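These notes concern the structure reproduced below.
The values are calculated or read from the model by the stated rules, or taken from the named source; none is laboratory data. Everything quoted here is computed from the prediction, not taken from an experiment. So basically every Cβ, Gly included, is an ideal-geometry build from the backbone, and we count neighbours across all protein chains shown. Areas reflect the complete protein model, heavy atoms only, side chains present, ligands, DNA and RNA absent. Shrake-Rupley method; radii C 1.70, N 1.55, O 1.52, S 1.80 Å.
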Amino acid sequence: MPTDTKRVRGPEVSQSPSLFSCKPAAVLPPHGPRADGRQRDQVDVRPVFVRCGLVSQAKGSAYIEAGNTKLMSCVYGPRETERKDETDMKCGRLTTDMRFAPFSCPERGSWIQGSQDKDLSLMLHESLQPAVCLHKYPRSQIEVNVMVLENSGSVLAHAVTCASLALADAGIEMYDLVLGCSIRQDGSSHVVDPTYMEENSCGSVSSENQGGLTVAFLPSLNQISGLQSDGEMTEETLTAGVRTCIEGCYKLYPVIQQALAKAVRRAAAPPSES
């Protein structure tokens, strides 16, 4: 039987390194500082690094890094749409595709788009479509692709911000940028911009006010373009969570503006004299 010369096989008695890795605790303390030093019940988001125009093959691209969460977004188009109907004659069409890299999560995934990827792609589309001037692009299609390189929590919120920045980098006319922020409610306490461990663990025994909330916000227009929640929360808790997410978006807004201004200055730089 021929052997695979391109793969280094380990000994037959070897074990996976994941068996020796330290698994996160299933229950997090409901009080005190968080694992990364941030405070609970405060609008304390992770430091964000943003860069535009990294993919030369795309019309527009953006990269965002929040803690260990890393995403890349690319925008292609506007191009002529393949399927034409009466709606496409008056305004364009926006398509979104969000996928996780196989190595992005603690448990290795597949390149095939699963149900979670499809749900997140739909939520991303609902958050971005109100901000794009699709009536300026009749009979055209704009494609937005988001790849999650590392999932360390709040993926949907940062995907909305990254995709909006890529649309602006591509020169697509928009009413406003779209910023995303998420919180995790745990009883009477909440955490802003939760990590992967905080999203997948339960800190309190009671099942009241347990859930997550993600808000897509247009800061200049002061409007919400998308809202996604899970779990069980009261109306007062949900209203307070929306306000907290809006404050988080306003904290992120200057960073996004500065990154976009740097990309514009870099693209409009005069040629050097030889």
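Please give the length that would be gained between residue 133 and residue 95 if that part of the chain were fully extended, namely 0.36 nm times their separation in residues minus their C-alpha to C-alpha distance (nm, one decimal).
Full-extension gain reported as 12.3 nm.
Backbone geometry of the stretch 130-140 corresponds, through the Karplus equation with coefficients 6.51, -1.76 and 1.60 at θ = phi - 60°, to 3J(HN,Hα) couplings of x, 9, 9, 7, 5, 5, 7, 10, x, 6, 10 Hz, x marking Gly and Pro. For the set 197, 233, solvent exposure ranked by accessible area (probe 1.4 Å, protein chains only) runs largest to smallest as 197, 233. Once the dipole of the stretch 38-264 is set up with Lys and Arg at +1 and Asp and Glu at -1 on Cβ about the Cα centre, which of 134, 42, 57 lies farthest towards its positive end? Toward the positive end, the furthest listed residue is 57. Its alpha carbons considered, the stretch 58-184 gives a radius of gyration followed by a Dmax of 14.6, 45 Å. Among beta bridges from DSSP that stay inside the stretch 38-264, the antiparallel ones total about 85%. What are the GluC sites (Glu not before Pro) within the stretch 37-83 that DSSP puts in a loop, where the Cβ has at most 14 other Cβ atoms within 10 Å? For GluC sites (Glu not before Pro) across the stretch 37-83 that sit outside H, G, I, E and B with at most 14 neighbouring Cβ atoms in 10 Å, the list reads 82. Which log10 I(q)/I(0) values, to two decimals, does the stretch 38-264 give at q = 0.07 Å⁻¹ under the Debye formula with one point per Cα? Rounded to two decimals, the profile gives -0.22. Under the classification rounded if a/c is under 1.5, otherwise prolate if a/b is larger than b/c and oblate if not, where does the stretch 221-272 fall, given a ≥ b ≥ c as square roots of the Cα gyration tensor eigenvalues? Prolate is the answer for the stretch 221-272, as a/c is 1.5 or above and a/b outweighs b/c.
Rounded to 0.05, the FRET efficiency of the residue 258 and residue 115 pair, given R0 = 35 Å and the Cβ-Cβ distance, is 0.40.
Using a 1.4 Å probe, what is the accessible area per residue for the stretch 149-271, in Å²? Can you show the working numbers first?
On the way: 5490 Å² over 123 residues.
That works out to 45 Å² per residue.
Note on exposure: 190, 135, 158 ranked by accessible area (1.4 Å probe, complete protein assembly) read 135, 190, 158, with the most exposed listed first.
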